[in-house]
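The next block holds one structure in the form of structure tokens; read it before the comments.
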Amino acid sequence: MKGVRLPRSSLIGVSLAVLLVRTSRRLDFARRGRRFCSTGRCLGNRSEPLLLVAGGGAAGIYASLRAKELAPHLNVLVIEKGKPLSKVRISGGGRCNVTNGNFLEKMVQICFWHSLKIYEIIFSLGLAGNYPRGNKELQGAYFNIHGPQDTMSWFSNHGVDLKIEEDGRVFPVSNNSSSIVDCLLGEAKKMGDSTQYFVVVQLQIGKVISNVSISYKGKFNLRIEKRTIDLVEDIEADFLLVATGSCQQGYKLAVQLGHSIVQPMPSIFTFKIEDNKLQSLSGITLPKVKAKLKLENICKNQPEYTQVGPMLITHWGLSGPVILRLSAWGARDLFLNEYKGFVYIDFIPEINVEDLKLILSQHREHMAKQKLSNSFPSKFGLVKRFWGYLLDREGLDGDEPWASLANKSLNSIALLLKQCSFKVIGKGQFKEEFVTSGGVPLSEITLSNMESRIWKNLFFAGEVLNVDGITGGFNFQNAWTGGYIAGTSIGELASTYLL
Ligand SMILES: Cc1cc2nc3c(=O)[nH]c(=O)nc-3n(C[C@H](O)[C@H](O)[C@H](O)COP(=O)(O)OP(=O)(O)OC[C@H]3O[C@@H](n4cnc5c(N)ncnc54)[C@H](O)[C@@H]3O)c2cc1C
């Protein structure tokens, strides 16, 4: 019997249809068991938990690497609204002050158990003392779990050579923050694998997490937006780490999840001083002064802050480590007082006022014929320009001889050296480091695992919390420590997680 001959074009059509059905079946099969976001993008295997990290800064990336290290099957998705690690890149004047090296003894203390335990408490007290917000809460195990020594080891084990400078600040030997950025992003890339269908560590940039809610299954429903192209995606995550730094959007997420926010206020800045003559001293560094900050009319019990260290005179006022530390400790009171107050500087903290008077009167005897402006006791360690400024403040004519200096004026100079007041009229800028005080209160977090006390599987780390350190690498150390602890907890939970 002769078979029915179909036209050639129909045959091709049928084969194509069969192929399409088969392919779509195969695709269907492949899609089964995968996790997708609302736009159809694959987020990994459905049988594997998903950690969503809000914020690709120091804390977020460090936490992702740690979680992935402990739970290789965990899908990690980092959503970053700008460029990842952008603050690390600009930090420390482009050098990145990674941590502080004054607290490394932990490693070399090879003692028997009891002394080691006591030592750890002392270590943790000392390090936590550098955090105006957090100094009480961080005294516990926090830095013992992952402290500056651990941070340094982590970076050197991952190929970044670090150095400790005289004042304790730790920088990459390259003096370039790119060494830190490249190391962290390189590690994330290594753990991620774009050649596989499964997503492992994925970093998506230019996207904002705009909303979050908790599903009836206790999972996190996140709305992610890419505003430049009007893209909106919904993702369900098993774990959520909020590491959004000081961004408003991060605080909004925390509030949506039931957390409160301590009002954010800037910390670490210089002081604008009302004194035209001070400008002429711009650039002078005083290696060791004692500075006391008093606020104008804040309340009856006006708080006072005192710090000792190097001070720099700038064309707008006062700066240098001692001022930056004062600004950090007084940040919240200064904000409430509209940055108005007084700084009292003791220029020669090692010598008391009576001894200063004696030194000055001996100088007057020995240098009787010298002009006041040309000579001053070398013990004071001052520069001539500065001495001229002091004479000017006392209304003394520098061309007069020392012999003409009345006792009253001599005493006034001694007092001025010990307690020279400067009127603070505002907040200046400090380009090397800025930080925000305020954020999610530490009382709402369990510090031993960085988990929220409100929701299971919700974690916080870094500057989004109400923690801030003084200048010197302490702020990054908080990000590394918090990130490491959160990453460890998530990694451990994910290892035993049943979906
Ligand atoms: C100029 C400058 C210099 C500094 N230098 C130093 C230094 O040398 N040493 C030091 O210890 N500290 C320094 N600091 C402070 C330090 O940078 C911060 O304390 C640290 O970066 C905090 O890390 P983090 O991961 O918590 O936050 P961040 O580094 O701020 O990272 C948070 C990330 O989250 C992203 N994000 C926020 N909200 C969302 C959202 N809804 N969706 C998606 N992404 C979001 C942000 O874009 C950001 O990239 C400096 C800060 C500045 C500004």
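The values are calculated or read from the model by the stated rules, or taken from the named source; none is laboratory data. All figures in this text were calculated on a predicted structure; none of them were measured in a lab. Glycine gets a Cβ as well: all are built from the backbone with ideal geometry, and neighbour counts include every protein chain shown.
Miscellaneous remarks
- Per the conditions (1) of a type in the set (Lys, Arg); (2) under 28 Å from Tyr131 (Cα atoms); (3) at pLDDT 95 or above; (4) not in a strand (DSSP E or B), the sole criterion not satisfied by Lys431 is (3).
- Taken over the stretch 80-119, the criterion of being within 23 Å of Val170 (Cα to Cα) and modelled with pLDDT under 60 is satisfied by Glu105, Lys106, Met107, Val108, Gln109, Tyr119.
- Qualifying residue in the stretch 361-371 (condition: closer than 30 Å to Gly472 by Cα, part of a strand (DSSP E or B) and either out of contact with any Cys (no Cβ under 9 Å at 6 or more places or on another chain) or among the aromatic types (Phe, Trp, Tyr) (or both)): no
- Selection of the stretch 51-67 for residues being more than 6 Å from the ligand (Cβ to nearest atom) and either of a type outside the set (A, V, I, L, M) or assigned to a helix (DSSP H, G or I) (or both) yields Ile61, Tyr62, Ala63, Ser64, Leu65, Arg66, Ala67.
- Candidates Asp392, Asp468 - the one that is under 16 Å from the mean Cα position of the chain (by Cα) and either charged (D, E, K, R) or more than 16 Å from the ligand (Cβ to nearest atom) (or both): Asp468
Per-residue answers, yes or no, for (1) outside the structural domain of Val289 (by TED's automatic domain parsing); (2) part of a strand (DSSP E or B):
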| site | (1), (2) |
| --- | --- |
| Leu410 | no, no |
| Leu416 | no, no |
| Lys423 | no, yes |
| Gly438 | yes, yes |
| Ser443 | yes, no |
| Ser448 | yes, no |
| Ile454 | yes, no |
| Phe459 | yes, yes |
| Glu463 | yes, no |
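- Residues (within 15 Å of His363 (Cα to Cα), of a type outside the set (A, V, I, L, M) and either modelled with pLDDT under 95 or assigned to a loop (DSSP other than H, G, I, E, B) (or both)) located in the stretch 399-408: Glu400
- Residue identified as out of contact with any Lys or Arg (no Cβ under 8 Å at 6 or more places or on another chain) and modelled with pLDDT under 95 among Ile229, Ile261, Ile205: Ile229
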